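So the structure is just underneath, and the comments pick up after that.
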Amino acid sequence: MEILRSKKSRPPDRKKLILVAAETQFIARGYEHVTLEEIADAVGIVPSALYRHFSGRSEILSEIVKQASEKIHEFFLATDFSDPEKALVEIAQFLLENKSFGVIWGREVKHLPIEQRLLLHPIVREIESEIVIHVHQYRPDLDVLTCELVTASIFAVLLSPSFNHLKISRDRYVALLTKLSLKVLNSVIKLNLKIESDPQDRSRLIPYSRREALLQEAIYLFSDRSYASVNIEDIGASLGISGPSCYNHFSSKIQILETAFERGTSHLFLGVIESLRESKTPDEAIRALIESYVHFGFSHPDLVDVLITEIRNLPEDVRKATVFAQQSYIDEWVHLLCLINKELDLITARAQVQSLLSLVNDIVRTRHLRKAVNSREAVIDICKAVLDV
C-alpha cells in the first residue's frame, strides 16, 4: 500500500493511511520517537488535517492496538482446533503475515494510558480463554492455570519472529514454529501451577547503597511506565530523594539506562560462564543455561522488560555494542545446540533459541503466571521440551 500522497489529494481512506503510516513508524523507531508531524508527512497531509481523525498520538496507538486485537479475535473464532497441528500451522502462518502484532503488544502498549489499556483487556482475555479451553481439552492432565501457562508459551513461540530478522523462508519458518509449538503443547510438566497463597505485593527492601537504590527504582519505573515518561526527578521522588541529589550518583537519565543494560548483559554472561564451568557435556550445559535464564527472568522481570523494550533509547554506539553482546549470548546457546545435534543448521538453531528466550521473557512479564506457585519449574520443563534436552 502506498502511503505517500500529494498534500492536495483527499483519499477516502485517509484514516486508514494514517494508521498504516503510524504503525510502520512506531515499529521502526518506537512510539516515543515519532511525532504527529512525521506521521502526517508520511501520509502527505498537514498536521491539522490529521486532527480531523485523531486527537493525538495516543488515540492513534490505541486504535492500532484495538484493530489488531479485533483482527486476531476474528481469526481465532474462525479457527478449527479439532486438529491441533493443523490449527497451529494456520496460526503460525497468520502471525508471520502479521509480525507487527508482537511488537505492538510486546513493546508499544505500555505507552497507552492505563484506562485505554484496561479497555483492551476484555478482548485479549476472551482470546486467551478460548485457546485455554482447547488446550485443556487436549491436555486434561493439566489444570486450567497450567494450561494458561502452556497457551502463553505457545503464543510466545509463535510471536517470536516479530523480534528477529532471520533469513529463513516462510514455509520453513511455519514448519519450525509449528514443531516447536507442538513440543510446548506436549511438554511433560511435573507440577501443576497453583495460585500464590499471598497474592499481595510484598514490601521491597531497598539497597543501602543510594546509587544502587536509584538504579533498581529506575528499572522498575522504566518497566512500569516506559523510559520516555519517567524523568530523573520521578526516580528520586519515589525514594524520597530530591532531583538534584540524584546527580551525585548518575550524571543523567541515559546513564541510568546504560547502567541497567550493562547490569543485564553481565548477568547473562555470568550465567553462561557458570553453566559451562559446572557442566561436562553440551547437554548438561544447555540444561544449565535454561535454568540460568529462567531464574534470571523470574528474579528480574522488570530488567528483562527494560532490556526488551528500551534498547532503542540507548545512544547509537552503546546500542550497537549491546546488540552485539546480546547476539553473542545467543551464539553460546546456538553453539551448544549444534554440538548436541550435528545435523542442525545455524539458522534453525538460532530460531529455536530465540523462540525459547521469547517464551521465558513473555511468561516473566505476565505477573499472575510468574507469581504462580511452581511456575518457574514448569517453565524450565517447557523450555527443555522445546530444545529436546
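The values are calculated or read from the model by the stated rules, or taken from the named source; none is laboratory data. Everything numeric in this text was worked out from a predicted model, so none of it was measured. Neighbour counts are summed over all protein chains in view; Cβ atoms, including those assigned to glycine, are modelled from backbone coordinates with ideal geometry. Heavy atoms of the whole protein, side chains included, go into the accessibility calculation; ligands, DNA and RNA do not. Shrake-Rupley method; radii C 1.70, N 1.55, O 1.52, S 1.80 Å.
General remarks:
- Taken one residue at a time, the phi angles of the range 285-295 give Karplus couplings (6.51, -1.76, 1.60, θ = phi - 60°) of 5, 6, 5, 5, 5, 4, 5, 4, 6, 5, 5 Hz. Gly and Pro are set to x.
- Gyration tensor verdict on the range 68-191 (Cα atoms; rounded if a/c is under 1.5, prolate if a/b is larger than b/c, oblate otherwise): oblate
- Note on Glu59 and Val318: their simple-model spin labels are 3.6 nm apart, each label 7 Å out from Cα toward Cβ.
- Across the range 365-371, rounded Karplus estimates of 3J(HN,Hα) from the backbone phi angles (6.51 cos²θ - 1.76 cosθ + 1.60, θ = phi - 60°) give 8, 9, 4, 5, 6, 4, 7 Hz, Gly and Pro being marked x.
- The range 281-389: Cα Rg divided by the 2.2 N^0.38 Å rule of thumb: 1.11
- Residue-level accessible surface for Phe81, protein heavy atoms, 1.4 Å, Å²: 40 Å²
- Once the mean of 1/r is taken over each pair of separate Cα atoms and inverted, the range 238-314 shows a Kirkwood hydrodynamic radius of 14.5 Å.
- Segment His295-Gln116, length gained on full extension (0.36 nm per residue, minus Cα span): 61.2 nm
- Distance from the alpha carbon centroid of the range 317-379 to that of the range 11-33 works out to 31 angstrom.
- Stretchable slack from Arg210 to Glu130, in nm (0.36 nm times residue separation minus alpha-carbon distance): 24.1 nm
- Alpha-carbon gyration tensor eigenvalues x 5, square-rooted, for the chain, Å: 33, 29, 21
- Cα-only Debye scattering, the range 170-299: base-10 log of I(q)/I(0) at q = 0.17, 0.21, 0.23 Å⁻¹: -1.05, -1.18, -1.27
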